[in-house]
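The values are calculated or read from the model by the stated rules, or taken from the named source; none is laboratory data. Bear in mind that the values here come from a model prediction, so they are computed numbers and not experimental data. Because the Cβ atoms are built from the backbone with ideal geometry, glycine has one as well, and the counts that use them run over all protein chains shown. Only protein heavy atoms, including side chains, enter the accessible area calculation; ligands, DNA and RNA are left aside. Shrake-Rupley method; radii C 1.70, N 1.55, O 1.52, S 1.80 Å.
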Protein chains: 2
Amino acid sequence: MSGEPGDAADFARTPEPPYYAVIFTNLLSSDDAGYAAMGAAMFDLALAQPGCLGAESVRGPRGFGITVSYWQSEADILAWKAEAQHVAAQKHGIPRWYAHYELRVARVERAYSGPEGRGLA
Amino acid sequence: MSGEPGDAADFARTPEPPYYAVIFTNLLSSDDAGYAAMGAAMFDLALAQPGCLGAESVRGPRGFGITVSYWQSEADILAWKAEAQHVAAQKHGIPRWYAHYELRVARVERAYSGPEGRGLA
């Protein structure tokens, strides 16, 4: 690994479980004009939504990315879904930007920090 | 975004929910000698564990990474925890490689694919 290390701002400061996670894994298509600005705007929009506890996101050099957003409740996720679909419909961008994506909604039950905290899992 | 797009091998082919996800977000320390080989070995080891349904992983240029592994049951995760701690103890690498990590265990309740599949969330 080379390059400048990140910082604590990369991590979401989530409360004690339970809470919810939306795991969004995606591969950009080769036709990704305008994606960077849209992706950043959608990320900021999620963080500003009611019930959003934070988010973590990274994209690799080949266009594969993972964004995990954390939410207080499933109702908050459904409200975000409606908002995101509204914005996406306005922008007509989702089908073009993504070659493929997987979206999983999960209930976080346990959480640990390290290495100064507890063990590996 | 520039660079060669990834391919379907980046995505985990998970079954219908429910199943479990281990969301591991981490920041490499600047002293990451040996990490790349160890990280790849741990990833392959997870995929070979009983009950592992797949995994998705990406690391950005500043050393921040997200790996999500998927599991049939919590018992499978606990068995993997024991195995991973055993390997980590042998290698003495975890405290040195990671500046920080967050590990969250979650139960996946809903999942969607796109853009050819269903909606955004």
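Expressed in nm to one decimal, what extension gain is obtained for the pair B:ARG13 and B:LEU78 from 0.36 nm per residue of sequence separation less their Cα-Cα distance?
Gain on extension, B:ARG13 to B:LEU78, equals 21.2 nm.
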statement: homo-copy label distances at A:PRO18 (7 angstrom along Cα-Cβ), nm, one dp, ascending, are 0.8
message: How big is the dipole moment of segment A:16-108 about its Cα centre under a simple scheme where the beta carbon of each Lys and Arg is +1, that of each Asp and Glu is -1, and everything else is neutral? Debye, nearest 20, please.
response: 240
message: Leaving ligands and nucleic acids out of the surface, order A:ASP31, A:ASP10 by accessible area at 1.4 Å, largest first.
response: A:ASP31, A:ASP10
query: How large is ³J(HN,Hα), in whole Hz, for each residue of segment B:12-24 in order, when computed from phi with the Karplus curve 6.51 cos²θ - 1.76 cosθ + 1.60 and θ = phi - 60°, using x for Gly and Pro?
result: 7, 9, 8, x, 4, x, x, 8, 10, 10, 10, 9, 10
- request: Please turn the phi angles of segment A:66-82 into ³J(HN,Hα) values with the Karplus equation 6.51 cos²θ - 1.76 cosθ + 1.60 (θ = phi - 60°), one per residue in order, whole Hz, x for glycine and proline.
  value: 10, 10, 10, 10, 10, 9, 5, 8, 5, 4, 5, 5, 5, 5, 5, 4, 4
- prompt: Put the label 7 Å from Cα along Cα→Cβ for A:ASP44; what are its distances to the other copies, in nanometres, shortest first?
  reply: 4.3
field: Modelled FRET efficiency - R0 25 Å, A:ARG110 with A:LEU45, Cβ distances, 0.05 increments
entry: 0.30
- prompt: Chains A and B: buried accessible surface, both sides, probe 1.4 Å, rounded to 100 Å²?
  reply: 5800
statement: With all protein chains in place and a 1.4 Å probe, A:SER30 shows an accessible area in Å² (nearest 10) of 100
- prompt: Can you list, shortest first in nanometers, how far A:ARG96 lies from the same residue in the other copies, with each label 7 Å from Cα toward Cβ?
  reply: 4.9
message: Just to confirm my numbers, what's the Cα centroid distance between segment B:7-79 and segment A:31-54 in Å?
response: 24
task: State, to one decimal in nm², a quarter of the convex hull surface area for the C-alpha atoms of segment A:16-108, i.e. the direction-averaged projected area.
output: 5.7
